[in-house]
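For reference, the structure is listed below as structure tokens.
The values are calculated or read from the model by the stated rules, or taken from the named source; none is laboratory data. Owing to the predicted nature of the structure, the values given are computational and were not obtained by experimental measurement. Counting neighbours? That spans all protein chains shown, and the Cβs are built from the backbone with ideal geometry, glycine included.
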């Protein structure tokens, strides 16, 4: 068996750069940079603890995820992706509540690094954690099919529900790209709820997201269609700017 070269040849590097031209134009994600430096993820209140379940699902979103699964989607084994899951206890409680309605939801997670409580994985409350180890921590907007083909193939177009609370819409370097990437995770008839913290005009962010989807369709010869809107009842301002939840529905 031939020995693999330790470094890319110049020709191979050029080839990969042509396939993935955005790599060298990426904005540095400062939160990811700090996480790598400290070698652990730190949170205050938003840690995926059990206390967050009521606040996210009941209060902030007023039971929208539950009602969507039970009243609109109406399938017994929906697939859920949680972006930035923290310890994962809040989503374990969501799974428990759905079980009372005889719905067996399958939960996958993806964050900067592995933070899910191991027992939730051992007990199969969380089915799969796609997060890398802290030494290879990666931001959501940097995931792409050239550098991460197995991951992209595993999660693309798979989920009936995507939850992003205090995650990609807050700590991502590009809000529009975070919404675009979240959209691509959805299966047909799927829905995403993304918590967004922003200072640019929201219309501009959503328009850029839609242009990204159109460009993706042209490049990949697909016809993905999404309805993207603000949930105005969740909107407000704080010391960091504006915040709201974005609802994304895949309609085709």
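Condition check: modelled with pLDDT under 95, more than 22 Å from residue 195 (Cα to Cα), in contact with a helix residue (DSSP H, G or I) (Cβ under 9 Å, 6 or more places away or on another chain) and not in a helix (DSSP H, G or I). Does residue 75 satisfy that? For residue 75, the condition - modelled with pLDDT under 95, more than 22 Å from residue 195 (Cα to Cα), in contact with a helix residue (DSSP H, G or I) (Cβ under 9 Å, 6 or more places away or on another chain) and not in a helix (DSSP H, G or I) - is not met.
Residue 107 - would you say it is modelled with pLDDT under 95 and either touching a helix residue (DSSP H, G or I) at 6+ places or on another chain (Cβ under 7 Å) or buried (at least 18 other Cβ atoms within 10 Å of the Cβ) (or both)? When the stated conditions are applied, residue 107 does not pass them. Of the helices (runs of 4 or more DSSP H) lying entirely inside segment 82-188, those containing at least 2 residues that are without any contact (Cβ under 8 Å) to a residue 40 or more places away in the chain and more than 16 Å from residue 57 (Cα to Cα) are 118-122, 149-155, 175-184. Enumerate the pairs (first residue in segment 199-224 and under 18 Å from residue 146 (Cα atoms); second residue anywhere and at pLDDT 95 or above and assigned to a helix (DSSP H, G or I)) with beta-carbon separation below 6 Å, excluding pairs fewer than 6 apart on the same chain, so at least 6 apart or on different chains. Filtered contacts from segment 199-224: 212/180.
So, in segment 212-248, of the ones that are assigned to a loop (DSSP other than H, G, I, E, B) and at pLDDT below 95, which residue ends up farthest from residue 186 (Cα to Cα)? Let's see the steps before the verdict.
First, pick out the residues of segment 212-248 that are assigned to a loop (DSSP other than H, G, I, E, B): 221-225, 239-240.
Then drop every residue that is not at pLDDT below 95, which leaves 239-240.
Numbers: 239: 32, 240: 29 Å.
So the residue we want is 239.
The single condition from (1) at pLDDT 95 or above; (2) surrounded by fewer than 22 Cβ atoms within 10 Å (Cβ to Cβ); (3) not in a helix (DSSP H, G or I) that residue 195 fails is (2).
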